[in-house]
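Down below is the structure, laid out as structure tokens.
The values are calculated or read from the model by the stated rules, or taken from the named source; none is laboratory data. As the structure is a computational prediction, the values presented were derived from the model and not from experiment. Glycine also receives a Cβ, built like all others from the backbone with ideal geometry; neighbour counts cover every protein chain displayed. The accessibility values were calculated without ligands, DNA or RNA, using every heavy atom of the protein model including side chains. Shrake-Rupley method; radii C 1.70, N 1.55, O 1.52, S 1.80 Å.
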Amino acid sequence: MAKTAEAAVTRKARSQAAEVWRQFRRNKGAMIGSAIVLVIVFIAIFADVFLDYDTQVVGQNVAERLQWPSARHWFGTDELGRDIFFRVLYGTRFSCSVGLVAVSIGLVIGVTLGAVAGYFGGAIEEVIMRSTDILSAVPNMLMAIVIVSVLGQSIWNLMLAVGITSVPQFVRITRAAVLTVRNQEYVEASKAIGLTNRKIIFKHILPNCLSPIIVQATLRVASAIISASSLSFLGLGVPAPAPEWGSLLSGGRKYIRDYSYMTLFPGLAIMITVLALNMMGDGLRDSLDPKLKK
Amino acid sequence: MAEQKEKVLEIKNLNVKFVLEEETVEAVNDISLHMEKGETLGLVGETGAGKTTTALSILRLIDSPPGVMECEKLEVCGKDIKNMSISELEHIRGSVVSMIFQDPMTSLNPVFTVGQQIAESLERHENLNKNEAWKKAEDMLELVGIPRERAIEYPHQFSGGMKQRVIIAIALACSPQVLIADEPTTALDVTIQAQILHLMKELKEKKNTSMIMITHDLGIVAETCDRVAVMYAGRIIEEGNLDEVFNHTLHPYTEGLFNSLPNIKNRRAKLQPIHGLMPDPTNLPKGCAFAPRCNYATEACQERRPQLTDFGGTHKAACLAYENKDFHIERGKKNG
Amino acid sequence: MHRYIIKRLFLMIPVIIGVSFLVFFIMDMAPGDAVDLMAPEGATAEDLDAIRHELGLDQPVVIRYVKYMGGMLHGDMGVSYVSKTDVFDTYMEKLPATIKLSFASILVSVLLSVPLGIYSATKQGTLQDNISMVLAMIGLSMPNFWLGLLLIIAFSLKLHMFPSGGDQTLSSIVLPALTIGTGLMATLTRTTRSSMLDVLKQEYLRTARAKGIPEKIVVMSHALRNALIPIITIIGTQLAGVLGGSVLTETVFAWPGVGRLIVDSLNMRDTPLVTGSIIMTTILLSIVLLLVDLLYAVVDPRIKAQYITKRGKKKHG
């Protein structure tokens, strides 16, 4: 009896996933977005297979400095003769890893706190939610700037700062989702058969709150990439000479008057990456939550 | 038949389709209707029979896309609605023809006071200034039994029955020639229903309005209507005056409707619901749409679509069974 | 209604205390302090300690925090370590520029997005709608400072139409306001559209049409008023966001506002100025968000009723 019920549940889960996939596939924007994301992730993973970091990415070549885009240097070269195309390609690594790690930090902390708040309620919930209010009372960008400038300029601190500022969003979304499933019968049943709270939260409640969290995470990666490049632009991100996109823009800004191409391409790279993630996230939301559609 | 009454409504061969991505819903098929001045016509049928769509067509309020509306003739008080421009139509809506909607809870705009909502159509159609319109709006509220001071209140401050009174006040504000009431009491408590019906009947007589009463409740029809048209799957399948349809029922479906009513005189009598469901409007059968649920259905019913035929007087029905001269249905015969 | 406002103002107090605590302690974690950065060349360790003692920096952080908050209660937000000027005065000096830019940006965003969102919603599924939505998505995905740089290239360096930075002439504000405004537009257009789409399905619009109300009025009055709540929410949040942190745009356009002030004082480890500015910003934002909440009541009578009967529980989370 239990077995057939379980089988039914997995079957249902599978058909639900199939339905989500069917919806997602029909969304042209989402499919294009996902394809671009895949390509970008591919570039990020294999960047050092194509490119030699020391010679092609950070190696200086004064003889070819400040050249406009050409067949030889697709995106032109910077003031130290480095090929901007290569630097932008390699920069994919920084943006992707910062986006991913920062959101993972926010996700783990935020989802845990949100689930605890939603599940236990009472004083714990009050403390968590009020702390969240305080953290989100300071504008995200300001908070991130304060954190990085205090901790010092490094890629890890950048990830931490962006991650911490994305915690409140995850806390709120998770708590709201947990509240809707907390009192459903299967949770009551789990309590009745004596499962531990931790088991109930992670095995029974969170899996049923996944949709909004997944959607939020995808969209958050996009905004984390923008935040990270903003911080780098302010000189608070990945230290030079690493080709982080924001740092490239900050470098190009000095030459904006005569060599505007230096400003164009890194920004375009950020935009395309973020756009692809946003299209994917929108598509996910539409297919995971049909109620929101139309 | 001596005196020809003035015709206030004439519809000929109305068809309404909703063309969706994957399918086409045939909501109204070849309907012809007419109504005379002061008359109340009952439009009866189950949910999804196309009653509301028919009503909205009269005001050309079908959303397009996806709705596609076609007809040979659509006239209200001699005015050709079918070929009217949108701005002309906007002068007809609310002044010559107005409509009362089914659900009072959702039919009033939550951010305007009820007074504003009544006054709005007065300002538009009767050339009144703001103050005059407001005065008359308050009069209208009083007419439907709501104290005039409440005109400054918002819909959420009213109960369901009160809201329906407000909607009636909006509909009647400009003394329309034709009033379309789309299940005006369905969403209300039974006790309130009677009050609202009584009010509508009284106001209708006072203003000599013609009315289309859309309902699935035969009791309401008996109480308010002069003539009845029964709809099934987007078609009229029986039509006639109250006596003809109620006491000399021709169509098995109409008969089924009567048999599904609880019998107050004999409380032990079992209900006899019509078995089955209305056919899928995206995929209507070739023959009679009611045939799959009909106890009298023959093979011909699956093949041929019956036409609305005269049965003497004003009585018409669309049923192939009557091709057999001896056929008649019996009240109370089990249907299901 | 008054009770509601007072209650909300009281609720701001713990948030302000929390924020000041957070910022104060984060600042304390920083390696190196203001004294290291501002000490004159060749100062000895004793000189530095003397300055620290003078500024009270030799005391434990908790004591400094309590002292600081004690001062706050009397409206004294302290003195900048670096410029020795009053923190509150310094902040207030920079605030007008930020406010000016914020309102100009919001104006740009509202004037463009709301009509575009309404138009898109009424044309749902058409080519025009799709194009607007793709444009909004692109706007959403553009890093703001990059857009600012592009605008400088196009309108300042190439076309010489507007200055590329500073706040000297009236035309100085055009490019920064366009930059921020365009960034905000994407979200606001999408919100307007989806809110309108929700409302356009409502039955009371059919009632309005059946009354003979012309379609234009049905959309612009009957529908829009009902769609306003999410739109106002986004405008309010955006206003708060711009007031609090258009650091990047202020940097790109050398705009002398609060965002620059905070970044500069952070670089100088000027704890009182950073803390004070962030607290002021938080207060400002809370007030803006409160005003937005009060605006709901103006727009929607049902919400007003809730505030008055005070049964309206503030949703948290």
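Which residues, counting only those in region B:261-277, are within 22 Å of the chain's Cα centre (by Cα) and open to solvent by 40 Å² or more (accessible area, probe 1.4 Å)?
B:L261, B:L277
Out of (1) more than 9 Å from chain C (Cβ to nearest Cβ); (2) touching a Cys at 6+ places or on another chain (Cβ under 6 Å), the odd one out for B:H125 is which?
Here B:H125 meets the rest and fails (1).
If B:A151 meets every condition in (1) at pLDDT 90 or above; (2) within 11 Å of chain C (Cβ to nearest Cβ); (3) in a helix (DSSP H, G or I) apart from one, which number is that one?
(2)
Under the condition of being open to solvent by 60 Å² or more (accessible area, probe 1.4 Å) and of a type in the set (D, E), which residue from region C:155-210 is nearest to C:Q124 (Cα to Cα)?
C:D198
May I ask you to verify whether A:F265 is open to solvent by 30 Å² or more (accessible area, probe 1.4 Å) and either farther than 26 Å from A:I164 by Cβ or at the interface with another protein chain (Cβ under 9 Å from one of its Cβ atoms) (or both)? Before you say what the answer is, go through the steps one by one.
Values: open to solvent by 30 Å² or more (accessible area, probe 1.4 Å): yes; either farther than 26 Å from A:I164 by Cβ or at the interface with another protein chain (Cβ under 9 Å from one of its Cβ atoms) (or both): yes.
Yes.
Working only within region B:284-297, note down all residues that are free of Cβ contacts under 8 Å to residues at least 60 places away in the same chain and not in a helix (DSSP H, G or I).
Once the filter is applied, which keeps residues that are free of Cβ contacts under 8 Å to residues at least 60 places away in the same chain and not in a helix (DSSP H, G or I), region B:284-297 yields B:P285, B:K286, B:G287, B:C288, B:A289, B:F290, B:C294, B:N295, B:Y296, B:A297.
Give me a count of the residues in region B:79-113 that are touching a residue at least 24 places away in the same chain (Cβ under 8 Å), among the small types (G, A, S) and surrounded by fewer than 24 Cβ atoms within 10 Å (Cβ to Cβ).
Total meeting the criteria: 1.
List pairs: first in region C:288-303 and farther than 22 Å from B:P155 by Cβ, second modelled with pLDDT of 85 or more and small (G, A, S), Cβ under 9 Å, 6+ apart or cross-chain?
Pairs that qualify, where the first residue is farther than 22 Å from B:P155 by Cβ and the partner is modelled with pLDDT of 85 or more and small (G, A, S), are C:V288/C:G236; C:V288/C:A240; C:L289/C:G236; C:L289/C:A240; C:L291/C:G236; C:V292/C:G236; C:V292/C:A240; C:D293/C:G236.
Filter region A:48-74 down to the residues that are open to solvent by less than 70 Å² (accessible area, probe 1.4 Å), without any contact (Cβ under 8 Å) to a residue 60 or more places away in the chain and touching a Gly at 6+ places or on another chain (Cβ under 9 Å), then identify the one that is nearest to A:G281 (Cα to Cα).
Here the answer is A:Y53.
I'd like to check something: does region C:78-93 contain any residue that is within 14 Å of another protein chain (Cβ to nearest Cβ) and over 26 Å from A:V274 (Cβ atoms)? Talk me through it step by step, then tell me what you get.
Taking region C:78-93 as the starting set, the residues that turn out to be within 14 Å of another protein chain (Cβ to nearest Cβ) are C:91.
Of the ones still in play, those that are also over 26 Å from A:V274 (Cβ atoms) are C:91.
Within region C:78-93 (the criterion being within 14 Å of another protein chain (Cβ to nearest Cβ) and over 26 Å from A:V274 (Cβ atoms)), the answer is yes, since at least one residue qualifies.
Determine if region B:60-78 includes at least one residue that is within 11 Å of chain C (Cβ to nearest Cβ) and assigned to a helix (DSSP H, G or I).
Checked region B:60-78: no residue is within 11 Å of chain C (Cβ to nearest Cβ) and assigned to a helix (DSSP H, G or I).
What are the residues in region C:290-308 that are within 30 Å of C:Y68 (Cα to Cα) and either at the interface with another protein chain (Cβ under 9 Å from one of its Cβ atoms) or surrounded by fewer than 17 Cβ atoms within 10 Å (Cβ to Cβ) (or both), if any? Reasoning before the result, please.
Residues of region C:290-308 within 30 Å of C:Y68 (Cα to Cα): C:290-291.
Within region C:290-308, just C:L291 meets the criteria.
Working only within region C:248-270, note down all residues that are in a loop (DSSP other than H, G, I, E, B) and over 20 Å from A:I226 (Cβ atoms).
Filtering region C:248-270 down to residues in a loop (DSSP other than H, G, I, E, B) leaves C:253-257, C:268-270.
If the condition is that a residue be in a loop (DSSP other than H, G, I, E, B) and over 20 Å from A:I226 (Cβ atoms), then C:A254, C:P256, C:G257, C:M268, C:R269, C:D270 are the ones that fit.
Matching residues to (1) within 12 Å of chain C (Cβ to nearest Cβ); (2) within 16 Å of the chain's Cα centre (by Cα):
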{"site": "A:E126", "(1), (2)": "yes, no"}
{"site": "A:L135", "(1), (2)": "yes, no"}
{"site": "A:A161", "(1), (2)": "yes, yes"}
{"site": "A:I164", "(1), (2)": "yes, yes"}
{"site": "A:R172", "(1), (2)": "yes, no"}
{"site": "A:V178", "(1), (2)": "yes, no"}
{"site": "A:Q184", "(1), (2)": "no, no"}
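Being surrounded by 23 or more Cβ atoms within 10 Å (Cβ to Cβ), part of a helix (DSSP H, G or I) and facing chain C (nearest Cβ under 10 Å) is the requirement here; does A:S247 meet it?
On the way: surrounded by 23 or more Cβ atoms within 10 Å (Cβ to Cβ): yes; part of a helix (DSSP H, G or I): yes; facing chain C (nearest Cβ under 10 Å): no.
Considered against the rule, which asks whether it is surrounded by 23 or more Cβ atoms within 10 Å (Cβ to Cβ), part of a helix (DSSP H, G or I) and facing chain C (nearest Cβ under 10 Å), A:S247 comes out as no.
Please state which of the following conditions A:L236 fails to meet, knowing it meets all the rest: (1) within 12 Å of another protein chain (Cβ to nearest Cβ); (2) part of a helix (DSSP H, G or I); (3) not basic (K, R).
Result: A:L236 fails condition (2) only.
From the list A:V221, A:V215, which one is within 21 Å of the chain's Cα centre (by Cα), more than 30 Å from C:V252 (Cα to Cα), aliphatic (A, V, I, L, M) and assigned to a helix (DSSP H, G or I)?
Criteria check complete, one pass: A:V215.
Condition check ((1) open to solvent by 10 Å² or more (accessible area, probe 1.4 Å); (2) more than 9 Å from chain A (Cβ to nearest Cβ); (3) in contact with a Pro (Cβ under 7 Å, 6 or more places away or on another chain)) across all residues:
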| site | (1), (2), (3) |
| --- | --- |
| C:A240 | no, no, no |
| C:S246 | yes, no, no |
| C:D264 | yes, yes, no |
| C:S286 | yes, no, no |
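Check B:S121 against each of (1) assigned to a helix (DSSP H, G or I); (2) farther than 30 Å from B:H34 by Cα; (3) open to solvent by less than 20 Å² (accessible area, probe 1.4 Å) and name the one condition it does not meet.
(2)
Within region C:206-247, how many residues turn out to be in contact (Cβ under 8 Å) with a residue 24 or more places away in the chain and assigned to a loop (DSSP other than H, G, I, E, B)?
Within region C:206-247, residues that are in contact (Cβ under 8 Å) with a residue 24 or more places away in the chain and assigned to a loop (DSSP other than H, G, I, E, B) number 1.
Looking at A:R285, A:R257, can you tell me which residue is more than 24 Å from A:Y53 (Cα to Cα) and more than 8 Å from every other protein chain (Cβ to nearest Cβ)?
A:R285
Filter region B:1-48 down to the residues that are exposed (fewer than 13 other Cβ atoms within 10 Å of the Cβ), out of contact with any Pro (no Cβ under 6 Å at 6 or more places or on another chain) and not basic (K, R) and list them by number.
Narrowing region B:1-48 to residues exposed (fewer than 13 other Cβ atoms within 10 Å of the Cβ): B:1-6, B:19-23, B:47.
So of that shortlist, the ones also out of contact with any Pro (no Cβ under 6 Å at 6 or more places or on another chain) come out as B:1-6, B:21-23, B:47.
Hits for region B:1-48 are B:M1, B:A2, B:E3, B:Q4, B:E6, B:E21, B:E22, B:E23, B:T47.
Look at region A:145-192 and say how many of its residues are surrounded by fewer than 24 Cβ atoms within 10 Å (Cβ to Cβ) and outside any helix (DSSP H, G or I).
Within region A:145-192, residues that are surrounded by fewer than 24 Cβ atoms within 10 Å (Cβ to Cβ) and outside any helix (DSSP H, G or I) number 5.
A:L219 fails exactly one of the following numbered conditions: (1) more than 30 Å from A:Y186 (Cβ to Cβ); (2) open to solvent by less than 60 Å² (accessible area, probe 1.4 Å); (3) of a type in the set (A, V, I, L, M); (4) within 12 Å of chain C (Cβ to nearest Cβ). What is the number of that condition?
Unmet for A:L219, out of (1) more than 30 Å from A:Y186 (Cβ to Cβ); (2) open to solvent by less than 60 Å² (accessible area, probe 1.4 Å); (3) of a type in the set (A, V, I, L, M); (4) within 12 Å of chain C (Cβ to nearest Cβ): (1).
Say we look at region C:267-284 and pick out the residues that are more than 30 Å from C:Y307 (Cβ to Cβ) and surrounded by fewer than 24 Cβ atoms within 10 Å (Cβ to Cβ); which of these is farthest from the other protein chains (Cβ to nearest Cβ)?
Filtering region C:267-284 for residues that are more than 30 Å from C:Y307 (Cβ to Cβ) and surrounded by fewer than 24 Cβ atoms within 10 Å (Cβ to Cβ), the one farthest from the other protein chains (Cβ to nearest Cβ) comes out as C:M268.
Could you check, for region A:85-101, whether at least one of its residues is open to solvent by 50 Å² or more (accessible area, probe 1.4 Å) and either within 14 Å of chain C (Cβ to nearest Cβ) or without any contact (Cβ under 8 Å) to a residue 24 or more places away in the chain (or both)?
no
Within region B:249-262, does at least one residue satisfy the condition of being under 30 Å from B:E23 (Cβ atoms), of a type in the set (F, W, Y) and assigned to a loop (DSSP other than H, G, I, E, B)?
Among the residues of region B:249-262, not one is under 30 Å from B:E23 (Cβ atoms), of a type in the set (F, W, Y) and assigned to a loop (DSSP other than H, G, I, E, B), which makes the answer no.
Quick check on this structure: which one of C:L112, C:L95, C:L101 is within 30 Å of C:L200 (Cβ to Cβ) and either part of a loop (DSSP other than H, G, I, E, B) or at pLDDT 90 or above (or both)? Before you say what the answer is, go through the steps one by one.
Numbers: C:L95 fails: within 30 Å of C:L200 (Cβ to Cβ); C:L101 fails: within 30 Å of C:L200 (Cβ to Cβ).
It is C:L112.
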